[in-house]
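None of the figures in this text is laboratory data; all of them are computed from the coordinates on show. Fair warning: this is a prediction, and the values are worked out from it, not measured in the lab. Positions of Cβ are backbone-derived with ideal geometry, glycine not excepted, and every protein chain shown enters the neighbour counts.
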């Protein structure tokens, strides 16, 4: 009845009471709602996706059965979820490529800003092989939370305003930093380290090391996005903005070069830096946080030379502008 099992769209057309003449065209299925209204389920075919086969069999049941409408609603929800999933995957890949290209150019122009000067990562392009697993996992977690909120299955988000947006974004970033710190500490415990060992093959990380992780590690890190919408009334726009920040800052933390050294990244300020996470890869025992350093300071896991090391890059950046001027005087 359905024809080929490859599907492009499902379209539900509502309307027309029983008193009106109505017949579905070829390839459509007639159903009757509780309100004595009929609709047609239209199926169009395209040769690029076979994943709908089980659902189409379900949807092609005799629609006079009472549960037919539930089947169609399930199919519709799944199509909406997968459409959102595809959009997010595309966005993540685009941001990854643009961010990676930016830092590749910056690193090539400023080799003096390399953090681990005695180590070179010769396998950075191989690390991209694991990126699809990481990206698909994080997308599943993120879209699950976003989709659940859109369907009204979570607590109601605050209406976006000049105060609710920034407040919820800040609260979520702080919550995620706590989540990341303790999940990271857990992954360094003996029973769980086997899931984290792949990521630590990058002793001298590069911007592409961000997605060099196992499925379990990606799931533990990103499950936050599937759960936070059930406890924090964050507007969906702020959740998207946080995910964008998370993607860019994650790649920045693995860049291997300190391009943005600032006093805000060391005591008494709470922010972290590229040096912060690079020291974690180089030593394995320190600096477990993500955006902030205060969890490491409180728990005694901050690298003892972190503040001092970051300060040396600040001094180098401060001296850099004088170099072109000295060169111009010789001309």
### Task
Diagonalise the Cα gyration tensor of region 125-226 and give the resulting equivalent ellipsoid semi-axes, square root of 5 times each eigenvalue, largest first, whole Å.
29, 15, 14
#### Entry: Packing rank of 248-257, 148-157, where each peptide gets the mean count of other beta carbons within 10 Å, highest leading
248-257, 148-157
### Summary
Across all Cα atoms of region 92-319, Rg and the largest Cα-Cα distance (Dmax), in Å, are 17.5, 55
### Query
Sorted by average packing, counted as other Cβ atoms within 10 angstrom per residue and highest first, what order do 268-280, 303-315 take?
268-280, 303-315
### Summary
Ranked output for segments 161-172, 285-296 by mean other Cβ atoms within 10 Å, highest leading, reads 285-296, 161-172
### Summary
At q = 0.20, 0.23 1/Å the base-10 log of I(q)/I(0) from the Debye formula over the alpha-carbon atoms of region 177-216 is -0.63, -0.81
### Message
What whole-number distance in Å separates the alpha-carbon centres of region 72-122 and region 174-250?
### Response
14 Å
### Summary
Taking region 161-292, the equivalent ellipsoid from its C-alpha gyration tensor has semi-axes in Å, biggest first, of 25, 19, 13
